1. Mind jotting down the three principal axis lengths of the chain based on Cα atoms? Whole angstrom, largest first.
2. Pull out the extension gain between Lys126 and Thr53, defined as 0.36 nm times the separation in residues minus the alpha carbon to alpha carbon distance; nm, one decimal.
3. Which of the pairs Lys27/Lys78; Lys89/Lys121; Lys27/Lys81; Lys96/Lys143; Lys89/Lys119; Lys81/Lys126 have their Cα atoms more than 23 Å apart in this structure?
4. Starting from the Cα of Asp115, step 7 Å toward the Cβ, then list every residue of the stretch 38-75 with an amide N under 16 Å from that point.
5. If you fit an axis through the alpha-carbon atoms of helix 137-149 and take the longest principal axis of the Cα set of the chain, what angle between them do you get, 0 to 90°, nearest 10?
6. Give the angle, between 0 and 90 degrees and rounded to the nearest 10, that separates the Cα long axis of helix 117-128 from the longest principal axis of the Cα atoms of the chain.
7. In nm, to one decimal, how far is the modelled label at Thr74 from the one at Ser32, with both set 7 Å along Cα→Cβ?
8. Cβ neighbours within 10 Å, averaged per peptide: list 87-99, 31-43 in order, most packed at the top.
Amino acid sequence: MLLRKGLLIASFMALASVVQAADYEVKMLNVSEQGNMVFEPAVLEVAVGDTVTFIPQDRGHDSVFVYTPPGAATWHGKRGKKVSVTIDKEGVYLYKCAPHYYYGMFGVIYAGKLDNLEKAKTEANKHSAKFIANKERLVGYLKQVETVAQ
Ligand SMILES: [Cu+2]
C-alpha cells in the first residue's frame, strides 16, 4: 500500500513538471510601439524547461543567439523562419536579428538565478558600441532585468 502511494506521488510529480513547462512566442517586428526593428516582447522571463519560439513578421528577420549562460542550448534561426529553443540553464541570454544587428535588434531572455548578468552587461556594451541606431536599447533591456532581479 505504501509502495503504491509512493508511486502515485512520483507520477503526479512527473506530470506536474511536464504541465508546468510553458511555451512563449516572441515576434520579430518591423514596427511596434517600442520602435522599429524590434523583438516583442524584447525582455522575457522564463523558467528552465520553457520553450521560446521566435516568429518573423516578414522574411527580413531571424533570431540568433549571441550570448548564453555557459553550456546552455543555443539557436541559429534562418532568415524569415520560425525557430524555437528550450531554455535549459539558468541565467541571461542575449540574441539578435542578424540582418538588423546595427539597428540594435536584440532581445533578452532570463531564467532563474542570474549568475552571468555582469558578463551579459559587458557583452551588451560591446555590441551596443557598434549599433548605428537604438544604441541605448539593449543596455536598457538589461537594466530592466537587473531591476527585476534585485
Ligand atoms: Cu530583423
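1. Its Cα atoms span 68, 33, 28 Å along the three principal axes.
2. Numbers: separation 73, 0.36 × 73 = 26.28 nm, distance 2.61 nm.
That pair, Lys126 and Thr53, stretches by 23.7 nm at full extension.
3. On the way: Lys27/Lys78 15 Å; Lys89/Lys121 18 Å; Lys27/Lys81 11 Å; Lys96/Lys143 18 Å; Lys89/Lys119 15 Å; Lys81/Lys126 27 Å.
Table pairs above 23 Å Cα-Cα are Lys81/Lys126.
4. 48, 68-73
5. 30
6. For 117-128 against the chain, the angle is about 30 degrees.
7. Taking the two extended label points, one gets 2.5 nm.
8. Details: 87-99: 20.9, 31-43: 17.0.
The peptides rank, most packed first, as 87-99, 31-43.
Every number in this text was worked out from the coordinates using simple rules, so none of it is lab data. Just so we're clear, the structure is a prediction, and the values are computed from it rather than from any experiment. Quick reminder, even Gly has a Cβ in these numbers, built from the backbone with ideal geometry, and neighbours come from all protein chains shown.
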